[in-house]
């Protein structure tokens, strides 16, 4: 009797494990066929069935395999810019967005803070994240076994896969709390995987990222910054260090990018920050076809009121200081009669254009300035902390911060992050969580907010498949 894999490749077509090597080949073949017409895949695939060995004996198909993971990230799971991604859902879960959609919409339970272990989105995020981790592990194993790929290509592909593995575990940890860290495609090991503590998870994430940094090249292998290089891995490493309270390491990692001004030139035009050519972009997702723009634009922009899905909350709009140009350039008002609503206007294209103007940005330079600012403040380097903070404020048309003490500067940084990264990959939720401000910030504005909602429930179906994932998170 065949066994169902705990970590699914596809919700509609569950992979059943019968043979380790066959499973790797089947997985990668499915990914390649699924995205064979995608812009991520720049190779004509053979019509015959590919084995795992064949995929990694050819540079083009090996590159197609890693590129297909990025397409999957873009289209589904936590980093997708559609309604199901964390940019929207965690914006509703916290205080950034107000939900106007139907009572049966996916976002309603997030907005009402009424998430249950049976929630389909909770399962989808878990499943898609581990699918992408599984695919990354398959690439690491396949590349290692290849006899045809050059050492340069092996390092590039392995470095990218390590980055993917650490990135998805980073989000799983910060969404669900203690989770397994999966480093193999071996079903017998994965089906009984145990949860690890936050400290253990960060140790694995950082170890993977440090290895990725050592393997990835300095230069991008694509001009549009859609394939990770050393700086992309370093950007996530800086964030992981910050979240893990490794202040000196976080500041140094951020400085690696900030000192590379030839590649990452600061952008003072707020309307250019989210264009596909922006010099402050570190890593981004290319649209499926040329002429398409971002899913974020499709999700957040509305032309007439009332909104069909979501709008920015009054609490968030009031968070801008007088004269903040981000409110002018990154927020747009839509009026009807005496009513006014506001939508996110970072990405300005809701529909297709003759050629793509905007890509979905995952990492950008402003975060590195604020990471270094916070890390410096935590170490008592207050002058440097204020310099980095004021770099962001000056671009927004604001005067330098009046904060003086360490605690005042840290508070100012958190406020700056709120108005800089709104509706970008859940930054607001993660910032409040890691600084222990969730309850104080959300209880006054979110009816029924409970302190146990700092983590999502583990999907009930996964607890059934793998009892080692028990106990369920408190409060669920």
If you average the sequence gap of Cα pairs under 8 Å that are 6 or more apart and divide by the length of region 367-423, what percent do you get for the contact order?
33 percent
Between 0 and 90 degrees, rounded to the nearest ten: what's the tilt of helix 198-215 against the longest Cα principal axis of the chain?
70 degrees
Taking the chain as the reference, fit the longest principal axis to its C-alpha atoms, fit the long axis of helix 230-243 to the helix C-alpha atoms, and give the angle between the two in degrees, 0 to 90, nearest 10.
60 degrees
Here P(r) for region 321-476, Cα-Cα distances in 5 Å bins, as whole percents, is 1, 7, 12, 14, 15, 15, 13, 10, 7, 4, 1, 0
Quick numbers on the chain, Rg and Dmax over C-alpha atoms in Å, give 21.8, 69
Mean projected area in nm² (Cα convex hull; one quarter of hull surface) for region 251-296
4.3 nm²
Report the relative contact order of the chain, percent, no decimals, based on alpha-carbon pairs under 8 angstrom and at least 6 residues apart.
18 percent
Ranked packing of 67-77, 430-440, most packed first, by mean Cβ within 10 Å
67-77, 430-440
Can you give me the convex hull volume of the Cα atoms of region 83-222, divided per residue and expressed in Å³?
151 Å³
For the peptides 139-150, 54-65, what is the packing order when you average, over each peptide's residues, the other Cβ atoms within 10 Å and list the highest mean first?
54-65, 139-150
Per principal axis, descending, Cα span of region 242-344 in whole Å:
52, 37, 27
Give the angle, between 0 and 90 degrees and rounded to the nearest 10, that separates the Cα long axis of helix 59-75 from the longest principal axis of the Cα atoms of the chain.
40 degrees
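Laboratory data are not the source of any read-out in this text; all were calculated from the coordinates shown. Computed from a prediction, not measured in an experiment: that's the story for all the values here. Cβ coordinates were reconstructed from backbone atoms using ideal geometry, including for glycine residues, and neighbour counts include every protein chain displayed.
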